[in-house]
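Worksheet: one structure, shown below.
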Amino acid sequence: MILFKAFSALLSYPTADMRAALAEISRVVEASPLISAREKRELGALMRELGEGDTLTAEARYVDLFDRGRSLSLHLFEHLHGESRDRGAAMVELKQLYEAAGFELVSHELPDYLPVVLEYLSCRDLSEARDLLADCAHILAAITRSLIARQSRYAAVLQALLVIAGEKPLNAAEIKPVKEHHAALDRDWAEQPAFEEPPGGRPKP
């Protein structure tokens with residue numbers, strides 16, 4: 001599914017090459033039947049923002065958003081396991097899943113990095129992609145919540161992924177904007193009930 005490849009690019013570091021591909025990414029998004037007109041409008045706004053200004057500004061905005069706190073980390077297992085040993089074991093299992101499917105990691109990124117996961121899903125059928133996204137929907141929702149709180153247009157990608165997973169997108173009107181330091185966001189993240197262990201065991205990654 002080329003749409004997942006487009007989403008992977010949108011969530012990746014905004015290099016000059018990535019920004020040059022925005023017109024092509026936009027065509028892929030607009031042609032997809034998997035997301036509604038509303039999600040397409042929000043994604044369009046994100047792509048316009050990514051194309052504004054110079055590359056250094058886009059890169060600095062990306063780093064300030066995703067590399068300053070755990071609540072906005074795009075490494076999925078960090079939200080479940082933090083820096084514990086469990087994260088390493090989950091990483092090995094995910095890498096084995098990739099290898100069994102013939103998907104080779106060609107970048108320096110860890111296998112639980114969301115753009116890498118989306119690259120993998122772009123090579124799989126839709127039913128498998130939906131199953132995997134549904135398994136980690138609680139993580140996607142938590143990241144979305146933090147992005148909306150920061151009033152970031154990147155939330156559009158996560159909202160679209162939730163829709164594809166069969167979940168309802170979050171209502172931005174119900175999420176209070178937060179403009180404090182990322183440490184405050186991390187405190188909010190730690191208090192989210194989505195990460196409490198449900199009756200019967202730990203939530204699936």
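The values are calculated or read from the model by the stated rules, or taken from the named source; none is laboratory data. Quick caveat: nothing in here was measured; it's all calculated off a predicted structure. Positions of Cβ are backbone-derived with ideal geometry, glycine not excepted, and every protein chain shown enters the neighbour counts.
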**Item:** Flag for Pro203 being surrounded by 15 or more Cβ atoms within 10 Å (Cβ to Cβ) and at pLDDT below 50
**Value:** yes
**Message:** Return the residues of the stretch 37-80 that are modelled with pLDDT of 90 or more and of a type in the set (Lys, Arg); say none if nothing qualifies.
**Reply:** Arg38, Lys40, Arg41, Arg48, Arg61
**Prompt:** What number of residues within the stretch 12-37 satisfy the criterion of being in contact (Cβ under 8 Å) with a residue 24 or more places away in the chain and under 26 Å from Asn171 (Cβ atoms)?
**Reply:** 5
**Prompt:** Residues in the stretch 75-83: is at least one surrounded by 14 or more Cβ atoms within 10 Å (Cβ to Cβ), in contact with a strand residue (DSSP E or B) (Cβ under 7 Å, 6 or more places away or on another chain) and either touching a residue at least 24 places away in the same chain (Cβ under 8 Å) or part of a helix (DSSP H, G or I) (or both)?
**Reply:** yes
**Item:** Residue satisfying condition, being over 30 Å from Ala60 (Cα atoms) and over 13 Å from the mean Cα position of the chain (by Cα), within set Gln96, Gln151
**Value:** Gln96
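So that you can scan it fast, the table gives a plain yes or no per residue for (1) without any contact (Cβ under 8 Å) to a residue 24 or more places away in the chain; (2) within 25 Å of Tyr13 (Cβ to Cβ):
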| residue | (1), (2) |
| --- | --- |
| Leu126 | no, no |
| Leu132 | yes, yes |
| Asp135 | no, no |
| Leu140 | no, yes |
| Ile148 | no, yes |
| Arg153 | no, yes |
| Leu158 | yes, yes |
| Leu161 | no, yes |
| Gly166 | no, no |
**Complete:** Within the stretch 45-56, of all residues that are under 15 Å from Ser152 (Cβ atoms) and either touching a strand residue (DSSP E or B) at 6+ places or on another chain (Cβ under 6 Å) or without any contact (Cβ under 8 Å) to a residue 24 or more places away in the chain (or both), the one surrounded by the fewest Cβ atoms within 10 Å (Cβ to Cβ) is Glu52
**Request:** Give me a count of the residues in the stretch 111-142 that are within 10 Å of Leu76 (Cα to Cα) and in a loop (DSSP other than H, G, I, E, B).
**Result:** 3
